1. Between Rg and the Kirkwood Rh of segment 121-201, both from Cα atoms, what is the Rg to Rh ratio?
2. Which helices of the chain meet both criteria: a Cα extent of 30 Å or more along the helical axis and a mean Kyte-Doolittle score no lower than -1.0, with helices taken as whole DSSP H segments?
3. Take the Cβ-Cβ distance between D165 and V81 as r, set R0 to 22 Å, and report the resulting FRET efficiency rounded to the nearest 0.05.
4. Under 13 Å from a label point 7 Å along Cα→Cβ of E46: give me every residue in segment 207-231 with its amide N that close.
5. Return the Rg/Rh value of segment 170-212, two decimal places, where both radii are evaluated on C-alpha atoms and Rh is the Kirkwood radius.
6. Provide the FRET efficiency to the nearest 0.05 for the D102-N222 pair, computing r from the beta carbons and using R0 = 35 Å.
7. Specify the inter-centroid distance of segment 80-99 and segment 198-220, based on alpha-carbon positions, in whole Å.
8. Please report the projected area of segment 171-264's Cα convex hull averaged over all directions, in nm².
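Bear in mind these aren't lab numbers, they're just calculated from the coordinates by the rules spelled out. All values reported here derive from a predicted model rather than from experimental measurement. Backbone-built Cβ (ideal geometry, glycine too); neighbour counts: all protein chains shown.
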Amino acid sequence: MTEHEAHPQPDQHANTARDVHHTSALPPVAGRAAFQAELDQLRLREKAHTREGDAIAAARRRLPMVEVAADLELTGPNGPVTLLDAFEGRRQLIAYYFMWHDGHDTAGQCEGCTWVTTQVQELSYLHSRDITYAVLCQGPYEESRRYRDFMGWQVPWYSALPSRDELLVGRQVGMMHLVCYLRDGDRVYETYWTTLRGVEVMDYNYALMDLTAYGRQEQWENSPPGYPRDQDTPPEHPLRSGGRPISQWPRISAGRSDDLTPRP
């Protein structure tokens, strides 16, 4: 019996809606000219932020690279493969190292990794630049693949477990990591990596929320007094609702099995 069958859940909207502190607080009202004048001032900062982002990206393209053993073993749908195989013949590889909580059920898996992985769907633009994207899960293949199938993700999926320590050398194993690789023939090089808020580049929801008057509505944000705050979830788990990663609820409502037990 799956958790969903043992504990039926109500409508998905009841579980994805957050208990925010509703308030009558609103931004000040201004005329169109005054509004535009303040927006124009903010736009100067936005343009500077964009230009600084471009400069950082340019510096990133000038970083040195470090060689990684191309034959490090991964596990794929047909068994053992190598890191080189994960490139699928393309020149570059972006690998997301999905955290895995051994012994936890579906609801107990990483809400942050679930959040960012849900965003990556259309890969044709990456492929057009000779880039492959793949998830390298830090847990066992069969169990984590069932999680991928429950979520309905179509991105290439491997287990990094056979070589996890070598692949993430010098970094905290069990943490989310986004790593970029470059292939030169049969040799593989690591060119960049980031973690924690660095992986927000994979998401568009937060970027859109940041454009709204109330923002992300998380407790850490610098917002005016009285603006709504998420009261349902501790600050360290803003991507959970009702005890699950938020994006699991539509799958549960659709009747998908969230049993992670590997099948023979």
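1. 0.95
2. 32-60
3. Between D165 and V81 the formula returns 0.75.
4. Flagged as within label range: 208-213.
5. Taking Rg over the Kirkwood Rh, I get 1.14.
6. 0.40
7. Value for the Cα centre distance between the two parts: 29 Å.
8. 10.9 nm²
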